[in-house]
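The values are calculated or read from the model by the stated rules, or taken from the named source; none is laboratory data. Not measured: the values here are computed from a predicted model. Heads up, the Cβs are rebuilt from the backbone with ideal geometry, glycines too, and the neighbour counts pull from every protein chain shown.
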Amino acid sequence: MKLPAFEYACPATLAEAVALLAAGGGDAKVLAGGQSLVPMMAFRVASPALLVDLRKLADLRRIEITDAGVRLGAMTRWRDIEDDARLDAAHPLLKAAVAEVAHYQIRNRGTVGGSIAHADPAAEMPGIAVTCDAEIAVVGRAGPRVIDAGDFFIAPLTTALAADEIIVEIRLPAWPAARRWAFKEFSRRRGDFAMAGTALFYDVDGGGRAHNAHVGAIGVGDRPQRLAAAEAAINGAAVDMVTSERAGAAASAAVTPQNDIHASAAYRKALLGTLVERALQSACA
Ligand SMILES: Cc1cc2nc3c(=O)[nH]c(=O)nc-3n(C[C@H](O)[C@H](O)[C@H](O)COP(=O)(O)OP(=O)(O)OC[C@H]3O[C@@H](n4cnc5c(N)ncnc54)[C@H](O)[C@@H]3O)c2cc1C
């Protein structure tokens with residue numbers, strides 16, 4: 001289908017982009033990779049009057065790794081993450097999750113900022129952001145601010161971003177080398193959005209007990225979420241078959257997915273439990 005008519009701007013500076021968005025009121029939208037917005041326009045789910053293309057803002061396409069963690073510029077593409085060998089050690093969970101995003105062609109254009117702003121409840125990057133306590137740095141007419149990922153996602157396709165705000169960076173805290181982790185999801189076909197998925201990690205103390213467990217879930221609610229009950233089942237335990245089974249059961253009990261055309265709520269609940277159990281088995285191995 002053809003897109004609805006729209007005005008197009010391609011600013012050279014972030015300040016100009018913010019000014020264009022602010023002037024457009026709610027009728028202007030940022031264009032990043034176009035991999036979600038353009039299909040939505042084709043289906044008339046979105047009809048912005050003005051697209052503000054960020055492609056000239058080269059500073060937004062960067063991956064910085066320091067002792068404090070990983071900073072992903074909003075225009076960083078999935079492919080940039082896949083191709084960056086430093087991330088194998090600096091954030092293996094992020095790399096594993098991005099490998100599951102869509103198909104090669106989409107990973108070649110799609111961006112982390114676009115995915116965070118789009119806020120699909122089954123998308124991998126919002127799940128990683130919530131699981132890892134990421135911070136989302138944004139700038140708008142009122143200046144810059146930083147939003148905790150846990151406060152950013154409100155509902156499907158709805159976030160804490162104001163209409164004139166642009167995501168500039170996603171900040172992931174430092175990743176200890178000995179951390180145990182896994183990412184598991186299930187979809188009908190390779191590259192489809194997950195029917196359910198989990199990102200998890202924990203650290204291990206000198207006595208072999210887990211602490212600092214973070215268990216995140218995607219595809220089983222109206223936004224990505226942390227599962228406190230599953231984390232409680234892991235913290236203080238030696239992660240083995242019994243702990244994995246307990247945490248899987250706790251994860252399954254903690255979520256309330258909806259029935260939809262892809263799966264029943266009961267199936268998604270059971271699937272998440274199995275994925276958490278398998279992820280823990282893989283993490284402790
Ligand atoms: C067939 C298909 C399968 C897919 N499968 C998956 C999948 O399995 N997992 C997955 O995670 N994604 C999947 N996607 C989506 C894909 O990952 C997109 O790349 C991703 O949603 C981000 O889109 P984008 O960067 O192209 O942003 P765009 O499409 O350009 O923008 C998306 C939204 O974010 C806003 N936006 C973009 N950048 C910013 C910014 N910096 N600040 C503020 N707002 C911004 C836009 O205004 C728009 O509302 C799939 C897409 C397709 C077409």
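The set of residues in region 1-26 that are among the charged types (D, E, K, R) and modelled with pLDDT under 95 contains only Lys2. Criterion applied to Ala123, Ala119, Ala149 was being touching a Lys or Arg at 6+ places or on another chain (Cβ under 8 Å), under 22 Å from Val255 (Cα atoms) and not charged (D, E, K, R), and the one residue passing it is Ala119. Whether any residue in region 128-141 is surrounded by fewer than 21 Cβ atoms within 10 Å (Cβ to Cβ), in contact with a Gly (Cβ under 8 Å, 6 or more places away or on another chain) and in contact (Cβ under 8 Å) with a residue 60 or more places away in the chain is what I want to check. Yes, region 128-141 has at least one match.
Quick one: would you say Asp84 is surrounded by 17 or more Cβ atoms within 10 Å (Cβ to Cβ), more than 10 Å from the ligand (Cβ to nearest atom), closer than 19 Å to Ile167 by Cβ and free of Cβ contacts under 8 Å to residues at least 40 places away in the same chain? Considered against the rule, which asks whether it is surrounded by 17 or more Cβ atoms within 10 Å (Cβ to Cβ), more than 10 Å from the ligand (Cβ to nearest atom), closer than 19 Å to Ile167 by Cβ and free of Cβ contacts under 8 Å to residues at least 40 places away in the same chain, Asp84 comes out as no. Among the residues of region 144-193, those that are within 14 Å of the chain's Cα centre (by Cα), outside any strand (DSSP E or B) and modelled with pLDDT of 95 or more comprise Ala149, Gly150, Asp151, Phe152, Pro156, Leu157.
The single condition among (1) outside any helix (DSSP H, G or I); (2) among the small types (Gly, Ala, Ser); (3) buried (at least 22 other Cβ atoms within 10 Å of the Cβ) that Ala263 does not meet is (3). Among the conditions (1) within 18 Å of Glu165 (Cα to Cα); (2) in a helix (DSSP H, G or I); (3) touching a strand residue (DSSP E or B) at 6+ places or on another chain (Cβ under 7 Å); (4) of a type outside the set (Ser, Thr, Tyr), the only one that Leu93 does not satisfy is (1). Taking into account only those residues within region 96-124 that are near the ligand (Cβ under 6 Å from one of its atoms) and part of a helix (DSSP H, G or I), which is nearest to Trp78 (Cα to Cα)? Per the criteria, the residue is Ile106.
When the test is whether a residue is out of contact with any Cys (no Cβ under 7 Å at 6 or more places or on another chain) and farther than 18 Å from Gly150 by Cβ, Ala249 passes it. Listed by first and then second residue, the pairs linking a residue in region 160-177 that is within 23 Å of Gly24 (Cα to Cα) and near the ligand (Cβ under 10 Å from one of its atoms) to a residue that is of a type in the set (Phe, Trp, Tyr) and not in a strand (DSSP E or B), with Cβ atoms under 8 Å apart and 6 or more places separating them unless they lie on different chains, are Leu161/Phe152. When region 22-62 is limited to residues that are within 21 Å of the chain's Cα centre (by Cα) and of a type in the set (A, V, I, L, M), the one that is nearest to His118 (Cα to Cα) turns out to be Leu37.
Quick one: in region 194-207, which of the residues that are part of a strand (DSSP E or B) and within 14 Å of the chain's Cα centre (by Cα) is farthest from Gln281 (Cα to Cα)?
Per the criteria, the residue is Ala196.
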